[in-house]
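Laboratory data are not the source of any read-out in this text; all were calculated from the coordinates shown. This one's a predicted model, so the numbers in the text were calculated from it and none came from an experiment. Don't worry about glycine lacking a Cβ; one is built from the backbone with ideal geometry, like all the others, and counts go over all protein chains shown.
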Ligand code: AMP
Ligand code: MG
């Protein structure tokens, strides 16, 4: 199969994508978070094709994307709860997925057999036009399972060329990290995956919001995942990733020490750093991510993919404070690093 890339801002391209979906096919499309790989949400056979193309484990459910709140009524069991109403007024369209009890119209293939469904209204205009033309779309990120999520059409093409008929190109994704996943079926509501809408912002609207403990650490033995996506190593480039956290100068000095030791052992090394820290690394190989957490989040997945393109074997990343958008950033980086974190502020030889 030839994979075509068309400009998503052309109405004809959107119509072509909708027609493919209506005849049971799958299509990649841009959203403000990352690119999605979509099928019509009520078409179980089409949804299964998504899992095949990505190599995604069947127990990891998909998010259903809608273009207006009327579409939501059909997908959930019962009325829209008050908290959900408040949150969609405040944050939709935008990077927040809400987990609610599902209706019978949502096939098991979408929810991985769970009795809940995750729903989101994206703000990207290409995505909204496609959903209006095709109906609710079930979609995970449009990467091969385990690889960093795609934030450009080219990333999707590199992973899925030959496996899908069409990619709608909408340029680079504005947020660059996947949506916040909020479970509204428990009290208090709980963030299972942090994203562009922060727990702090959610708590402001509905009064309280917890963050699942697995967000910044691996699941313990015997601990069950509340969101199946939590179980897998994710977002990872081929090389080893090490996060170095701490105050600016100590962090940079630790990164340099680790880099030089690995380089001496013949390893190809690279550093992911805030642009303002470039000068702290001398002539070492640095991929700058930007000047603030928004820019760094937008660039992270593209940078991790570049690490593979250059064949980096040891990748040292600056950590950042895990609050607000920094929580989502550190969650993704943590998974890419299999939670390997070095604290530069900890004294050498300190005993636990
Ligand atoms: P992806 O689109 O690849 O970012 O994956 C969607 C994310 O939403 C995964 O982490 C899923 O585990 C999560 N998710 C989707 N539906 C549910 C649900 N019903 N319950 C818990 N987590 C969900
Ligand atoms: Mg994904």
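Does anyone have the angle between helix 325-336 and the longest principal axis of the chain? Alpha-carbon axes, 0 to 90°, nearest 10?
Relative to the chain, helix 325-336 is tipped by roughly 80 degrees.
Provide Rg and Dmax in Å for region 4-65, with only Cα atoms included in the calculation.
Answer for region 4-65, Rg first and Dmax second: 11.9, 35 Å.
Which number comes out as Rg/Rh for region 67-125 once both Rg and the Kirkwood Rh are worked out on C-alpha atoms?
0.95
What ranking do 242, 33 get, fewest neighbouring Cβ atoms within 10 angstrom at the top?
Lowest count first: 242, 33.
Tell me, in nm to one decimal, what length is gained between residue 9 and residue 284 on full extension, where the rule is 0.36 nm per residue of separation less the Cα-Cα distance?
My answer for the length gained is 95.0 nm.
For region 1-140, state what percent of all Cα-Cα pairs lands in each successive 5 Å bin, counting from 0 Å until the bin that includes the largest distance.
Here the calculated profile for region 1-140 is 2, 11, 22, 24, 21, 13, 6, 2, 0, 0.
Just to be sure I understand: with springs between alpha-carbon atoms less than 10 Å apart, which residue in 96, 114, 325 has the highest mean-square fluctuation in the Gaussian network model of the chain?
Greatest mean-square fluctuation among the candidates belongs to 114.
Starting from the 7 Å offset along Cα-to-Cβ, what nm value, one decimal, do you get for the label separation of residue 263 and residue 306?
The answer from the label model is 1.7 nm.
Between the helical axis of 125-134 and the dominant principal axis of the chain, each derived from Cα atoms, what acute angle in degrees is found, rounded to the nearest 10?
30
Counting pairs of alpha carbon atoms under 8 Å apart in space and at least six apart in sequence, what relative contact order in percent does region 237-305 give?
Rounded, it is 24 percent for region 237-305.
Of the DSSP beta bridges with both residues in region 68-226, give the percent that are antiparallel, rounding to the nearest 5.
Roughly 55 percent of the beta bridges in region 68-226 run antiparallel, per DSSP.
Mind computing the radius of gyration and Dmax over the alpha-carbon atoms of region 113-259? Å is fine for both.
Cα only, region 113-259: 18.3, 55 Å (Rg, Dmax).
Roughly how many Å is it from the Cα centre of region 307-334 to that of region 191-260, as a whole number?
Region 307-334 and region 191-260 have Cα centres separated by 9 Å.
Please compute the contact order of region 86-220 in relative form: average sequence separation of alpha-carbon pairs under 8 Å and at least six residues apart, divided by the residue count, as a percent.
Value for region 86-220: 25 percent.
Could you work out the relative contact order of the chain? I mean the mean sequence separation of Cα pairs under 8 Å and 6+ apart, divided by the number of residues, in percent.
After rounding, I find 19 percent.
For residue 85 and residue 104 in the same chain, what is the full-extension length gain: residue separation times 0.36 nm, less their Cα-Cα distance, in nm?
Taking residue 85 through residue 104 to full extension adds about 4.7 nm, to one decimal.
Where is the GNM fluctuation largest for the chain (alpha-carbon springs, 10 angstrom cutoff): 37, 333, 272?
272
Students often get this wrong: which residues of region 38-63 have the backbone nitrogen under 14 Å from the point 7 angstrom along Cα-to-C-beta of residue 145?
48-62
Using the Cα atoms of the chain to build a convex hull, what is its mean projected area in square nanometres?
The directionally averaged projection comes out at 18.4 nm².
So how far, in whole Å, is the C-alpha centre of region 65-133 from the one of region 8-32?
Their Cα centres are 19 Å away from one another.
Tell me, 234, 155, 340, 65 in order of fewest to most beta-carbon neighbours within 10 Å?
In order of increasing Cβ crowding within 10 Å: 340, 234, 155, 65.
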